[in-house]
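Structure, as structure tokens:
The values are calculated or read from the model by the stated rules, or taken from the named source; none is laboratory data. Given the structure is predicted, the values throughout are model-derived calculations rather than measurements. So basically every Cβ, Gly included, is an ideal-geometry build from the backbone, and we count neighbours across all protein chains shown.
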Amino acid sequence: MITLKKLFKKIGYLSFFLNIYFSYAQIDPAVIKNDPALDAIVDEAAKVEKLADGFAFTEGPVWHKDGFLLFTDIPKNAIMKWTPDGKVSKFREPSNNANGLMYRNGNLIMCEHSGRRLSQLSPGGEYSVIVDNYQGKKFNSPNDVAIKSDGSYYFTDPPYGLPEGEDDSAKQISYSGVFRFHKDNLELLDSTLVRPNGIAFSPDEKYLYVTSADKWIRYEVEKDGSIKNAKVFYDASLMDEPGGPDGMKVDVKGNLFCSGPGGILIFSPKGKHLGTIKFPEIPSNCAFGDPDMKTLYVTARTGLYRVKLKTKGVE
């Protein structure tokens with residue numbers, strides 16, 4: 001006959017293991033479908049793979065055509081390299097606390113937090129500054145960059161990279177701007193956003209998307225490269241999930257893959273939330289990669305992840 005003491009002991013053990021099970025079940029990666037259109041983009045049973053971990057804060061993933069991925073570890077002041085054999089190495093250290101990365105004509109374009117500039121690294125390793133000030137004033141901390149087909153650099157400049165507690169005292173520019181740099185000409189496109197962050201073009205470059213606090217903003221792009229008619233593309237302020245709007249990328253059909261509340265949110269070009277890919281950690285940014293550009297690589301806090309898609313990305 002089982003005693004009450006033994007029974008409570010058994011219940012205690014059962015409760016312990018059930019708590020462990022459900023804790024992991026709640027953060028288990030999954031694809032949440034909100035609309036049938038998601039089926040053409042990602043399989044509902046797609047698996048999220050963890051590729052590497054142990055970082056301080058990962059950001060800025062970008063795929064190189066030679067078959068490897070670069071990403072940044074901002075607090076550790078390094079750009080990391082991941083290769084398909086699973087190896088991770090340091091590509092550049094120090095990196096001036098680089099955040100967003102892109103490639104243009106073989107050159108690695110870097111948004112530097114502590115350097116407070118946009119810079120580039122040639123394939124041969126030659127470093128140069130693209131732009132580091134607006135009207136003689138240092139940028140806050142360039143965050144992310146999108147490159148138009150005409151060679152224009154569009155980038156965001158929030159104060160996230162300024163020394164903690166010194167946002168105001170270290171600022172030379174009082175606002176968080178969205179800028180365009182083209183042929184030695186720097187233009188301020190918008191100074192009204194709240195800490196603009198991620199930035200990306202639609203495939204036809206008719207629209208520019210920028211994150212602003214808890215929203216995604218969409219602009220119309222003029223032929224001269226200027227932007228107009230800012231509209232809220234999607235408002236995430238009422239979403240009750242961890243994380244907020246951050247980095248984003250676009251596929252060839254104009255669907256947006258956005259780091260946001262709950263994971264990587266997938267939107268149609270018309271702003272419909274088709275679904276979410278959830279990760280064990282809160283995503284910060286993403287990039288398409290592999291030879292077919294149908295794998296989404298995701299930086300999420302201390303880890304690097306990937307998930308296979310049915311759609312092809314624009315880089």
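Listing for the model above:
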read-out: Of the criteria (1) farther than 19 Å from Lys215 by Cα; (2) buried (at least 17 other Cβ atoms within 10 Å of the Cβ), which one Gly275 fails; value: (1)
read-out: Region 214-252, residues that are part of a loop (DSSP other than H, G, I, E, B) and surrounded by 13 or more Cβ atoms within 10 Å (Cβ to Cβ); value: Asp214, Gly225, Ala236, Met239, Glu241, Gly243, Gly244, Pro245, Asp246, Gly247
read-out: Number of the condition not met by Val307 [criteria: (1) under 18 Å from Gly244 (Cα atoms); (2) more than 13 Å from the chain's Cα centre (by Cα); (3) not in a loop (DSSP other than H, G, I, E, B)]; value: (1)
read-out: Within region 40-91, strands (runs of 3 or more DSSP E) holding 1 or more residues that are free of Cβ contacts under 8 Å to residues at least 24 places away in the same chain; value: 68-73, 78-82
read-out: Hey, Glu126 surrounded by fewer than 19 Cβ atoms within 10 Å (Cβ to Cβ), modelled with pLDDT under 95 and not basic (Lys, Arg) or not; value: no
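Yes or no, residue by residue, for (1) in contact (Cβ under 8 Å) with a residue 40 or more places away in the chain; (2) within 24 Å of Thr83 (Cα to Cα):
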| site | (1), (2) |
| --- | --- |
| Gly254 | yes, no |
| Pro280 | yes, yes |
| Pro291 | yes, yes |
| Lys294 | no, yes |
| Val307 | yes, yes |
